[in-house]
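S.K.: Let me give you the structure first, and then I'll get to my questions.
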Amino acid sequence: MMTNSRASSGGQAPAEDLEKQLRETIQRYQLVFRATNEVLYELNIETEAVIWNDAIFTQYGYDRTENVATLSWWAQHIHPDDALQVEYDMSEWLLGDGETWQSEYRFRKADGTYVDVRDRAVVQRDKSGTPISVIGSFLDITRQKQLDRAKDEFISLVSHQLRTPLTAIRLYSEMLEGGMFGKLSEPQQEQLGHITDASIRLIDLVGNILDISKLESGHMGSNPVPARVNKILELCISEVKPLADQKGVTIEYAPDESIDKVSVDSVIFGQVVHNLLTNAIRYTEPYSGHVEVVFTRDDQGYLLSVKDNGIGIPASAQQSIFNRFYRASNASGLEEHGTGLGLYMIKLMLETAGCDVWFDSAIGEGTTFYVRVPKGGMKAG
Ligand code: ADP
C-alpha cells in the first residue's frame, strides 16, 4: 500500500512539474512572439493556414480584422515582380531535402508601399521527408538595402570621376617621357617614370575597387559562352610578357590542343589568369624566375594551374591569403606595391562563376594556384 501510494504521488509530482515547465515554455514563446519586431510565422503545408505574430499588424499596418491567415494572402502581398521567383524557389526547396531556406523580396504594407524583407525559414518534415510545416521569420531590410545602394553609387561615381583625370595624368606623363615635348634630362626622365608608375597603380586600384563593389553587390554577373580558352591564355601571357621580361622571368605554356572550346566568361577567366600570372612574376626573385601555365581536362572538368618558383606563402599567412587587403609578411620585401585585393577579387569572381580556387605553397620553393572549372564550364549568374 505504502509503496503504491508513494509510487502514485511520485508519478504525479513530475507530471505537474512537466506541465508547469510546458506552460512556462509556451508563455516564454508567446512573449518572444509578441516582443520581436520580426514577423514570425508558421505555415501548415496541408491546409495552407498561416499563423502570424503581432508584428504583421504592428510593423506592416494591417488591421486585426483582416484575414491574414492564409498562404494566398501572403502570396498576394509579395511584389508581382518577385512573386514567381519566390514561389519557384520555395517549392524547389520543399520538394528537395534541404532544411533551411532564405530569400529576399518586396512585401506590401497596408498603406500600399513595398518594403524589402529578408525571409528565413526551416521546414519540418515527416519520416518520409514530406513537408508538414514551415516556420520562419522575415525582417524589414529596406534601410540596409538603401544604404548598400547609396554606398555602391558613391563608389561607382567616385571611381568614374577618378579614372578620367588619372588616365590623363598617365597619358601626358608617358608623352613627356617619350620626348614628345622636347628632350628630357636623365633625372627628369626618372622622376617622370615614377609619376607614370604611380598613375598606373592608381588606375588599377580604382578599377579593382569598382569591380569589387560590383561583385559584392551582385552587379557583376557571369555570362559564359563557348570560348577558345587556349587563345585567352596565350593573350594573357603576351600581355604580361613585358613585365616578365623586365624581371627576367620565363613563362612556359604548352596548350593542350585536344581542348577546343570551353564555356567560360572570358572577362572573368582573363582577369583571373592575368592576376595569377602577374602575382607569379611579382613574387619571384629577379632573373631566376620560372612560371608554368597548364590547362587540362580531367574527370571533374577542367583544371588551370599557374606554378612559380618564387618566394612562397608562409604557412601562417595561408589561411588569410584570399582576405581583402591581406598581404603576407614576405611580400612587401620583394614587391613594395600591392593592395591585397587581387586574390580577394579572383575568389569573388570565381564564386560567381561556380569555380573553385586554391593553392599549394612552400616558402622559398614556390607556389601553384589552381582553378577548377566544372565539367559543363562556368556557371551563369
Ligand atoms: P597584392 O599582390 O596586390 O598584394 P593579392 O591579393 O594579389 O594582392 O595577393 C595577396 C598576397 O598573397 C600577396 O601580397 C602575397 O603575400 C601573396 N601572394 C599572392 N600570389 C603569390 C605568389 N604567386 N607567390 C607568393 N605569394 C603570393
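The values are calculated or read from the model by the stated rules, or taken from the named source; none is laboratory data. Predicted model, so just to flag it, every value in this text is computed and none were measured. Methodologically, a virtual Cβ is constructed for each residue, glycine included, from the backbone with ideal geometry; neighbour enumeration extends over all protein chains shown.
S.K.: Looking at LEU303, LEU334, can you tell me which residue is farther than 20 Å from VAL264 by Cβ, touching a residue at least 12 places away in the same chain (Cβ under 8 Å) and of a type outside the set (Gly, Ala, Ser)? Break it down stepwise before answering.
M.R.: Numbers: LEU303 fails: farther than 20 Å from VAL264 by Cβ.
Going through LEU303, LEU334 in turn, the sole match is LEU334.
S.K.: Please go through region 134-176 and give me each residue that is among the charged types (D, E, K, R) and closer than 27 Å to LEU215 by Cβ, ordered by number. Even if it seems obvious, please write down each step before you answer.
M.R.: Pass one, region 134-176, residues among the charged types (D, E, K, R): 140, 143, 145, 148-149, 151-153, 163, 170, 174.
If the condition is that a residue be among the charged types (D, E, K, R) and closer than 27 Å to LEU215 by Cβ, then ASP140, ARG143, LYS145, ASP148, ARG149, LYS151, ASP152, GLU153, ARG163, ARG170 are the ones that fit.
S.K.: Taking ASP197 as meeting all but one of (1) touching an Asp or Glu at 6+ places or on another chain (Cβ under 6 Å); (2) surrounded by fewer than 18 Cβ atoms within 10 Å (Cβ to Cβ); (3) part of a helix (DSSP H, G or I), write down the number of the exception.
M.R.: It is condition (1) that ASP197 fails.
S.K.: Further question: Would it be correct to say that LEU343 is within 12 Å of the ligand (Cβ to nearest atom), in a helix (DSSP H, G or I), buried (at least 17 other Cβ atoms within 10 Å of the Cβ) and at pLDDT 95 or above? Talk me through it step by step, then tell me what you get.
M.R.: Working: within 12 Å of the ligand (Cβ to nearest atom): yes; in a helix (DSSP H, G or I): yes; buried (at least 17 other Cβ atoms within 10 Å of the Cβ): yes; at pLDDT 95 or above: yes.
In short, yes.
S.K.: Can you list the strands (runs of 3 or more DSSP E) lying wholly within region 100-167 that have 3 or more residues being under 22 Å from the mean Cα position of the chain (by Cα) and of a type outside the set (S, T, N, Q)?
M.R.: Where strands (runs of 3 or more DSSP E) fall fully within region 100-167 and carry at least 3 residues being under 22 Å from the mean Cα position of the chain (by Cα) and of a type outside the set (S, T, N, Q), they are 100-108, 114-125.
S.K.: Identify the single condition in (1) near the ligand (Cβ under 10 Å from one of its atoms); (2) closer than 19 Å to VAL294 by Cα; (3) without any contact (Cβ under 8 Å) to a residue 40 or more places away in the chain that ASP360 does not satisfy, given that it satisfies every other one.
M.R.: Result: ASP360 passes all but (1).
S.K.: Being under 19 Å from THR339 (Cβ atoms) and either in contact with a strand residue (DSSP E or B) (Cβ under 6 Å, 6 or more places away or on another chain) or surrounded by fewer than 16 Cβ atoms within 10 Å (Cβ to Cβ) (or both) is the filter here, so list the residues in region 169-194 that pass it.
M.R.: HIS194
S.K.: From the list ARG34, ARG108, which residue is of a type outside the set (Ser, Thr, Tyr) and modelled with pLDDT under 95? Full working, then the answer.
M.R.: Details: ARG108 fails: modelled with pLDDT under 95.
Going through ARG34, ARG108 in turn, the sole match is ARG34.
S.K.: Starting from residues that are more than 12 Å from the ligand (Cβ to nearest atom) and at positive phi, keep the ones in region 274-320 and report whichever is nearest to the chain's Cα centre (by Cα).
M.R.: Among those residues, the one meeting the criterion is GLY301.
S.K.: Another question about this same structure. I'd like to check something: does region 72-88 contain any residue that is surrounded by 12 or more Cβ atoms within 10 Å (Cβ to Cβ), under 27 Å from the mean Cα position of the chain (by Cα), in a strand (DSSP E or B) and among the acidic types (Asp, Glu)?
M.R.: Looking through region 72-88, none of the residues is surrounded by 12 or more Cβ atoms within 10 Å (Cβ to Cβ), under 27 Å from the mean Cα position of the chain (by Cα), in a strand (DSSP E or B) and among the acidic types (Asp, Glu).
S.K.: Condition (residue is over 30 Å from TYR60 (Cα atoms) and without any contact (Cβ under 8 Å) to a residue 24 or more places away in the chain) applied to region 104-121: is it met by at least one residue?
M.R.: Going through region 104-121, the residues over 30 Å from TYR60 (Cα atoms) turn out to be none.
No, every residue in region 104-121 fails to be over 30 Å from TYR60 (Cα atoms) and without any contact (Cβ under 8 Å) to a residue 24 or more places away in the chain.
S.K.: I'd like the full set of residues that are within 15 Å of the ligand (Cβ to nearest atom) and over 21 Å from GLY338 (Cα atoms), limited to region 251-273.
M.R.: Within region 251-273, the first condition is being within 15 Å of the ligand (Cβ to nearest atom), and the residues that meet it are 251, 271-273.
If the condition is that a residue be within 15 Å of the ligand (Cβ to nearest atom) and over 21 Å from GLY338 (Cα atoms), then ILE251 is the only one that fits.
S.K.: A follow-up question, please. Hey, can you tell me all the residues within region 354-380 that are assigned to a loop (DSSP other than H, G, I, E, B) and basic (Lys, Arg)?
M.R.: LYS375, LYS379
S.K.: Continuing with this model, one more query. Could you tell me which residue of region 324-340 is nearest to the ligand (Cβ to nearest atom), considering only residues that are touching a Gly at 6+ places or on another chain (Cβ under 9 Å) and under 18 Å from VAL206 (Cα atoms)?
M.R.: For region 324-340, the residue satisfying everything is TYR326.
S.K.: Same structure again: Take GLY381 and decide whether it is more than 13 Å from the ligand (Cβ to nearest atom) and modelled with pLDDT under 95.
M.R.: Yes, satisfied.
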